[in-house]
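Everything below concerns the one structure shown next.
The values are calculated or read from the model by the stated rules, or taken from the named source; none is laboratory data. On a predicted model such as this, the values are computed, not experimentally measured, just so you know. Ideal geometry is used to build each Cβ from the backbone, glycine not excepted, and the neighbour counts take in all protein chains shown. We work out accessible area using only protein heavy atoms, side chains counted, and drop any ligands, DNA or RNA first. Shrake-Rupley method; radii C 1.70, N 1.55, O 1.52, S 1.80 Å.
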Amino acid sequence: MTEPAIKLFTAFEGHRLIVRSSLPEVALTVKAASDAGSTECLLVFDDATGRSVDIDLRGNAEDVRERLSQPPQTFIGRFRSPVSQPVKADDTRDSEPRGRGRPKLGVVPREITLLPRHWEWLGAQPGGASAALRRLVDNARRTELPKAKQRIAQEAAYQFMTAIAGDFSGYEEAIRTLFTGDLSRLAQQMEAWPADIREYALSLAAA
């Protein structure tokens, strides 16, 4: 089995990248810089989203590490999303004995509404309506996945650039270029920016 990927965070001291690692290691590096009397702005960013992260640096290094090692708390209130409700123990959908035939393979039956001509077309496809719908969804996912990844990468780069580069020369034009997907032109527009900020923004945009 492969080890799960470690979620990465990146810290900047002013315009200089000082560490990129797991959140505890990044937090300790930032705390060390703060305790050493750094006069620069210390910012931590989530590599997955490009958003800045607030870290509680109170106490000593062990206090910081201990806080970050605690699992996030989940608060259950009146606005809790229905999709997060646990499955009841007496739910018998998956506990019923299986008969002969193909296994369920995680198939979930749900109702959909189509016009007669849609059902007619689906019924004429190889494997019937269910198989045809699964193929249509899979094909759409393969087509849309690259676009979705690009949107996520662009949003992450936008969040980072907004937080740290808002007063840089050419910032607004760089933001417009970011959403065109032209990374070569974006790199040219950020040429005068501090190297660490330029390279990190480009790495997020190209993720």
Criterion: open to solvent by less than 60 Å² (accessible area, probe 1.4 Å) and over 27 Å from His15 (Cβ atoms) - qualifying residue of Ala187, Ala132: Ala132
Return the total of residues in segment 170-180 being open to solvent by 30 Å² or more (accessible area, probe 1.4 Å) and either at pLDDT below 95 or outside any loop (DSSP other than H, G, I, E, B) (or both). 4
In segment 1-20, the residues that are open to solvent by less than 50 Å² (accessible area, probe 1.4 Å) and on the phi < 0 side of the Ramachandran plot: Phe9, Thr10, Ala11, Phe12, Glu13, Ile18, Val19
Only one of these is at pLDDT below 90, of a type in the set (S, T, N, Q) and within 30 Å of Asp46 (Cβ to Cβ): Thr143, Thr162, Thr113. Name it. Thr143
I'd like the full set of residues that are in a loop (DSSP other than H, G, I, E, B), without any contact (Cβ under 8 Å) to a residue 12 or more places away in the chain and open to solvent by less than 80 Å² (accessible area, probe 1.4 Å), limited to segment 49-71. Asp56, Gly59
Do you know which residues across segment 1-47 are assigned to a loop (DSSP other than H, G, I, E, B) and in contact with a strand residue (DSSP E or B) (Cβ under 9 Å, 6 or more places away or on another chain)? Ile6, Lys7, Leu8, Gly14, Ser22, Ser38, Glu40, Cys41, Asp47
